[in-house]
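Trainee: Here it is, the structure, as structure tokens.
The values are calculated or read from the model by the stated rules, or taken from the named source; none is laboratory data. Predicted, not measured: the structure shown is a model, and the values here were computed from it. Here the Cβ positions follow ideal geometry from the backbone for every residue, glycine too, while neighbour counts run over all protein chains shown. Only protein heavy atoms, including side chains, enter the accessible area calculation; ligands, DNA and RNA are left aside. Shrake-Rupley method; radii C 1.70, N 1.55, O 1.52, S 1.80 Å.
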Amino acid sequence: DYGAKVLSGVTHGGGGRDVLGVPVHDCVTQIAGRQAVDVSVLAVPAPALRDAAFEAIEAGVPLLVILTERVPRRDVAQVLELAALRGARVIGPNSMGLIAPGKTKVGPIGGPEEDTAKAFVPGPVGIMSRSGGMTTEIANLLTHHGLGQSTAISMGGDPTIGCTFADLMPLWEADEDTRAVVIFSEPGGGLEGQLAEHVRTSSTRRLPIVAFIAGGFMDEMPGLRFGHAGTIVEGRADTAAEKARVLREAGVLVAEDFSMIPALVAEAMGKAAGAR
């Protein structure tokens, strides 16, 4: 409904069926061997994810978006290793997909078309989020403040994922339609430290970054379980407070409150425009 061209579904042993006008094949090569496939969306049980991803990668699909959550880390590591060898890009696991507002989307991000159109509108702000639901919430907040989006990506909330903040930043930097980037993060993992290092060392940086890190209350409540599988706090560096400090020192604008994001984005884009 949002404009994506769905070529086929793949279910082993289910080939030959037709679902809502979409043909079903037994394996990816049956469709990828006949026409160009830009992306594969994987929504299979976690134990089957590795084989499904291997199949898509070996069939030459350049982008995999993995919706499945809580995939064993070893399986994800093997998928990412094969993807690197074959030149494929992986979003997820535990992603809700990605969207270019007004153009197309991959995965269930934003929900039905009528809801997606309300939350996401074309504009200059890129979004990267570890939370699928909050990807839409950020877009909706920006939209209500007159700030449209260029592309929004739900990166995935599992402990081990494909593309990180640092991996994706060069794509934003190269995108002429993007003038600022918003990231949504949470406790656990080292993605923010990687981004901070990228920001400090990048020679091509032109975009202001605004970050919001959820779960600050966890710092006062040790042992509390929060959010995704990826929010396992293994040390001080994984806490929300430490992530915010590291990002600020690198020059990233960190919103203390979710509602502050639009104002920080507008201010940052204004300063960037003035500097040019």
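Trainee: Residue check, VAL233 against (1) more than 30 Å from GLU69 (Cα to Cα); (2) at pLDDT below 90, all met but one. Which one?
Mentor: Condition (1) is where VAL233 drops out.
Trainee: Which one of the conditions (1) farther than 22 Å from PRO262 by Cβ; (2) aliphatic (A, V, I, L, M); (3) open to solvent by 30 Å² or more (accessible area, probe 1.4 Å) does ILE91 fail to meet, given that it meets all the rest?
Mentor: (3)
Trainee: Only residues that are crowded, with 16+ Cβ neighbours inside 10 Å, among the charged types (D, E, K, R) and in contact with a Gly (Cβ under 9 Å, 6 or more places away or on another chain): list them for region 150-204, please.
Mentor: Selection gives ASP158, ARG179, GLU186.
Trainee: Going by what's in this entry, would GLY227 be described as of a type in the set (Gly, Ala, Ser), in a helix (DSSP H, G or I) and either at pLDDT below 95 or open to solvent by less than 70 Å² (accessible area, probe 1.4 Å) (or both)? Outline the logic, then answer.
Mentor: Details: of a type in the set (Gly, Ala, Ser): yes; in a helix (DSSP H, G or I): no; either at pLDDT below 95 or open to solvent by less than 70 Å² (accessible area, probe 1.4 Å) (or both): yes.
When the stated conditions are applied, GLY227 does not pass them.
Trainee: Now for a different question. Just to be sure I understand the filter: pairs with C-beta atoms under 8 Å, separated by 6 or more residues or on different chains, first member in region 163-175 and closer than 22 Å to PRO93 by Cβ, second member part of a helix (DSSP H, G or I) and polar (S, T, N, Q). Which pairs pass?
Mentor: The qualifying pairs are THR164/GLN194; PHE165/GLN194; ALA166/GLN194.
Trainee: Do you know which residues across region 190-217 are of a type in the set (A, V, I, L, M, F, W, C) and either closer than 15 Å to ALA255 by Cβ or touching a strand residue (DSSP E or B) at 6+ places or on another chain (Cβ under 8 Å) (or both)?
Mentor: LEU191, LEU195, VAL199, LEU207, ILE209, VAL210, ALA211, PHE212, ILE213, ALA214
Trainee: Do we have any residue at all in region 111-128 that's closer than 17 Å to ILE261 by Cα and out of contact with any strand residue (DSSP E or B) (no Cβ under 8 Å at 6 or more places or on another chain)?
Mentor: yes
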